[in-house]
Amino acid sequence: MRRNQQASEDRERHLREIESANVQLEFAKQQAEKANTSKSQFLANMSHELLTPLNAILGYSELIKEELNGSQAPRVVLDDCNKILASGTHLLNLINEVLDLSKIEAGKMQISCEEFLINELVDSVIAIIEPLAEKNGNRIKVDYQTDLFVMMSDAVKVKQILMNLVSNANKFTRNGIVSIIISSVSENGVACLNFLVKDSGIGIEPDLLDRIFEPFEQADLSLTRQYQGTGLGLTITKHFCEMLGGTISIASSPGQGSSCSVNLPVHNTQSNKNNIAQMRQKLTS
Ligand SMILES: Nc1ncnc2c1ncn2[C@@H]1O[C@H](COP(=O)(O)OP(=O)(O)O)[C@@H](O)[C@H]1O
Ligand SMILES: [Mg+2]
């Protein structure tokens, strides 16, 4: 009898301890979530504060550059102005990456879908990367292995996904080839477009490959210094792929180049036949 009572008291004490631990855990979880939201909010605010003066610096540098063109000013002044513009643009990209990630973490990143021409989007990415590819002695090749030419998705995000992959491929390759292959695939019964970005560059060590989508993960410091960047590009890219219902994977080995594969749902491209007909006309005209 007494033993039974003792056992029941022990059980109750045990339950009280578990309940108390649960309350503490819940409290700690809430505190951590609050701290994370504050951090994201702080980053978002800070980035906005930084963007305002930076846009003024870039805007006025552009103006000075225009005024210098055709003037008697020595060449070195124009060169200096170009350096301000290049550094300012680099800083702008970094701030935008931090802003994007804090928006994603705060659950404030939104999607806005529209129909767009795939080749126009690919061309706009190449137009930006082409001068950088020339500097690195790289050739960009595009291969369409699909009959699809219209996609219904968030064009800005699809462009950013492709931009990040192509700019990485070019950044880590010298005197090589960057190829973009676009094909149709089906993933779990969903019609998708596959964007495969391959390069013949330095490749990725297996231990980095395992954590490559984590924020701030980059190759060792000597390489990072050489190539610049924040280590946020692929984190944001993966988030965007998932937001658009897609997937991303990377295969690589050191010295053998890398290939990044993204599957994105084509969505209902047949939904508005008139719109598609107009686009087809635009393509052939
Ligand atoms: N195509 C590639 N070839 C070699 N290394 C790559 C490639 N793409 C990504 N990496 C490695 O993954 C890291 C993270 O990439 P990313 O998130 O885009 O950050 P960042 O480009 O700002 O360094 C890079 O710093 C690099 O070490
Ligand atoms: Mg990058």
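The values are calculated or read from the model by the stated rules, or taken from the named source; none is laboratory data. Not measured: the values here are computed from a predicted model. Cβ placement follows ideal geometry from the backbone for every residue including glycine, while neighbour counts extend to all protein chains displayed.
Odds and ends about this structure:
- If you go through the range 60-94 and keep only what is touching a residue at least 24 places away in the same chain (Cβ under 8 Å), within 23 Å of K171 (Cβ to Cβ) and either polar (S, T, N, Q) or surrounded by 14 or more Cβ atoms within 10 Å (Cβ to Cβ) (or both), you end up with I84, L85, G88, T89, L91, L92, L94.
- Taken residue by residue, the range 230-239 has at least one member that is within 12 Å of ligand 1 (Cβ to nearest atom) and without any contact (Cβ under 8 Å) to a residue 60 or more places away in the chain.
- Long-range neighbours under 6 Å by Cβ, at least six apart or interchain, first residue in contact (Cβ under 8 Å) with a residue 60 or more places away in the chain within the range 30-52, second not small (G, A, S): S40/E105
- Test set (1) without any contact (Cβ under 8 Å) to a residue 12 or more places away in the chain; (2) crowded, with 19+ Cβ neighbours inside 10 Å - E130 fails condition number: (2)
- Residue ID - nearest to the chain's Cα centre (by Cα), chosen from residues in the range 32-59 that are surrounded by fewer than 12 Cβ atoms within 10 Å (Cβ to Cβ) and modelled with pLDDT of 90 or more: T52
- From the list N136, N175, N188, the lone residue that is within 15 Å of ligand 2 (Cβ to nearest atom) and not small (G, A, S) is N136.
- Residue count, the range 169-206 (criterion: out of contact with any Lys or Arg (no Cβ under 8 Å at 6 or more places or on another chain), over 18 Å from G233 (Cα atoms) and away from ligand 1 (no atom under 11 Å from the Cβ)): 16
- Residue match in the range 239-246 (condition: modelled with pLDDT under 90, within 13 Å of the chain's Cα centre (by Cα) and not in a helix (DSSP H, G or I)): no
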